[in-house]
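Some notes on the structure that comes next.
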Amino acid sequence: MTLPDRLFRLIAWGATLALAIAVFVPFVIGVLAAMLAPSDVMSQDMRFWPLFPSNFMRVFTETSIGHYFLNSILIATATMVGTMVTSILAAYAFTRMEFPGRTVLFWAVLATLTVPELICIIPNYLLMAKLKLVPSIWAAIIPQLASGFTTFFLRQHFLGVPVMYDEAARLDGARHFRILVDILVPMTWPVIASMALFSFIAQWNSYLWPLIVLRGDSQTVQIALAGLQATVREQPFIDWPLILSASCVVLLPSIFMFFLAERQLVRGAGLGGLK
C-alpha cells in the first residue's frame, strides 16, 4: 500500500470516528442524564453518579404516555403495512403490466415527489372532515397509505429482476399475484424491508398531521411528549430527568425496528439491481 493510500485510509478512519463521536456521545449523555436526580442535572458540577434507572418507570407511573405510546404503535404499524401493500402493487403494475397511460400515470406519481407535504395538509383535512373521520385514528392513517417515493423506489428495483423469471412462472401456470409473491417480493426483499423501516420511522416521528386530526386519548406519543415538556416547563423546578426519560422511551420503537431490519437495510442500500 502506497503512502497516499495509507494517508487516505487514515483520514477516512479519522472522519468516521469523529462522526461517530459527534452522533453517539450526545445520545449517551442524554441517557445518563435521564437517570440522574433532578437536582443533579442542573448543578454546575454535574456528575453522572448516582444513577436512578427508576426514572424510566416514572414515565409510565407519573404520565399518561403509555396510552399514547400504544396509539403511535397502531398508527405507525398500520401505515407501514398499508404503504408497503399499495406501493408493491403499484410498482408491479408499472413494471409488469401493460395498460393505456401507464407512462403518463407513472410520471404523475413521480411528480408528487415535488409537492411539499405542507401543501397537502388542508386538502387532506377537508377530505377527512368530509368523510367524518376527524377526529379519529383513521384520519391519521388513511392519507399516509400511499407513497410516491416508495412506489418509485420499488419500481426501479422490480425493473432489475429479469423478465425471464416471469415467463418461466407463466409456463407453470402462475398469474400476476403468484409472480409478485413468489418471485419479485423474495428477490427484492431487502429493499422492501428497508422501505418498510423508513415508513415506520417517518410515521412514528410524525407530529404535525396527527396534531391536526387527533384529539384527546387518540393522540400520538409525539404530541404527548410535547405536552409533557410544556407542562414540566411551567413548573417552578423543571424535572429534566423525566423529560429525558420520556424522550428515551419514545426512541425505543425506532431503535428496535432498526436492529430488526439492520441486515436487510444494509443489503437494500447496496442493492442496485439483479442479474
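Candidate membrane-span-like segments in the chain, meaning DSSP H helices with Cα atoms spread over at least 27 Å of their own axis and a Kyte-Doolittle mean of 0.0 or above, are 3-34, 65-96, 240-260, with no membrane implied. Shown in residue order for the stretch 183-188 are the 3J(HN,Hα) couplings computed by the Karplus curve 6.51 cos²θ - 1.76 cosθ + 1.60 at θ = phi - 60°: 10, 5, 5, x, 6, 10 Hz (x for Gly and Pro). The chymotrypsin sites (Phe, Trp or Tyr not before Pro) of the stretch 107-195 include none that meets both conditions, a loop assignment by DSSP and at most 14 other Cβ atoms within 10 Å of the site Cβ. The distance separating the Cα centre of the stretch 186-202 from that of the stretch 209-258 comes to 27 Å. Only residues of the stretch 188-208 count here: report those whose backbone N is under 14 Å from the spot 7 Å along Cα→Cβ of A169, or say none. It comes to 188-189, nothing else. Value of Rg to Rh for the chain, rounded to two decimals, is 1.06; Kirkwood radius and Rg both from alpha-carbon coordinates.
Computed per residue of the chain from DSSP H runs no shorter than four, each worth -39500 (n - 2.57), the mean residue ellipticity at 222 nm is -21500 deg cm²/dmol.
Structure remark: mean-square fluctuation, Gaussian network model of the chain, C-alpha springs under 10 Å; the largest value among I192, I223, I122 belongs to I122.
FYI, it's all coordinate maths here, none of it is from the lab. Please read all numbers here as calculations on a predicted model, not as lab measurements. Glycine also receives a Cβ, built like all others from the backbone with ideal geometry; neighbour counts cover every protein chain displayed.
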